[in-house]
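*Asks:* Before I ask anything, here is the structure I am working with.
The values are calculated or read from the model by the stated rules, or taken from the named source; none is laboratory data. Computed from a prediction, not measured in an experiment: that's the story for all the values here. Here the Cβ positions follow ideal geometry from the backbone for every residue, glycine too, while neighbour counts run over all protein chains shown. Side chains included, ligands, DNA and RNA excluded: accessible areas come from the protein's heavy atoms. Shrake-Rupley method; radii C 1.70, N 1.55, O 1.52, S 1.80 Å.
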Amino acid sequence: MSKKTNSTVIMKSIGVAIVVTQLLDIIIHAATNQLEPLRVTSNIIILAWLAIVVSGKFHDKSQLIAVASIAAYFILNIVFLSLEGVTNAEQGEELRITLFLLMFTTMALSSWLTYIRRDIFSTHN
């Protein structure tokens, strides 16, 4: 398998993992009747960014859109934490471990996808 083909498979896999993470985040909150507008908005921003990536539109601005989307996701979650706290009152003041895991997963995978896409398009154009 060529390096470009291998990278494409990796990018698709990362994209699917990000989508699953965002949908899981929304489903968990819906199932526990804890839908938070800031968190859901951050999920939608990441999903919209991935839709833009898949569509192939705005290729010349893809790095900017990626960085802006990831930053917006991070900022919205930090605002949520500053407003609601790092513990959840509805769960006996337990640390929001699930939120931190979902945020870390999203940030890491999104950054990795952005890096791989930049690397591929800078060497194959």
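*Asks:* Within segment 58-91, list the chymotrypsin sites (Phe, Trp or Tyr not before Pro) lying in a DSSP loop whose Cβ has at most 14 other Cβ atoms in a 10 Å radius.
*Replies:* Phe58
*Asks:* What does the convex hull of the alpha-carbon atoms of the chain project to on average, in nm²?
*Replies:* Hull-based average projected area comes out at 8.0 nm².
*Asks:* Sort Asp60, Asp25 from largest to smallest accessible area, using a 1.4 Å probe on the heavy atoms of the protein chains.
*Replies:* The residues order as Asp60, Asp25, largest area first.
*Asks:* For the chain, what does the accessible surface come to per residue with a 1.4 Å probe? Please give it in Å².
*Replies:* Normalised by residue count, the accessible surface of the chain is 61 Å².
*Asks:* In nm, to one decimal, how far is the modelled label at Thr41 from the one at Ala108, with both set 7 Å along Cα→Cβ?
*Replies:* 2.8 nm
*Asks:* For Ser82 and Asn6, what is the calculated FRET efficiency with R₀ set at 35 Å and r taken between the beta-carbons, to the nearest 0.05?
*Replies:* According to the calculation, E is roughly 0.30.
*Asks:* Next question. Taking all protein chains in place and a 1.4 Å probe, what share, in percent, of the accessible surface of the chain do carbon and sulfur account for?
*Replies:* That fraction is 69 percent.
*Asks:* Can you give the FRET efficiency for Thr98 and Lys57, using 1/(1 + (r/R0)^6), R0 = 35 Å, r = Cβ-Cβ distance, to the nearest 0.05?
*Replies:* FRET efficiency, Thr98 to Lys57: 0.60.
*Asks:* Taking loop as defined by DSSP and a crowding limit of 13 other beta carbons within 10 Å, which trypsin sites (Lys or Arg not before Pro) in segment 1-97 fit?
*Replies:* Lys57
*Asks:* What is the log10 of I(q)/I(0) for segment 30-95, computed with the Debye formula using one identical point scatterer on each Cα and no solvent, at q = 0.20, 0.27 Å⁻¹?
*Replies:* -0.82, -1.14
*Asks:* With only Lys, Arg, Asp and Glu charged, each at its Cβ (+1 for the first two, -1 for the last two), find how big the charge dipole of segment 1-122 is about the Cα centre; round to the nearest 20 debye.
*Replies:* In debye, rounded to 20, segment 1-122 gives about 800.
*Asks:* Give the residue from Asn88, Ile28, Ala51 lying farthest towards the positive end of the charge dipole for the chain; charges sit on Cβ (+1 for Lys and Arg, -1 for Asp and Glu) and the dipole is referred to the Cα centre.
*Replies:* So the residue furthest toward the plus end is Ala51.
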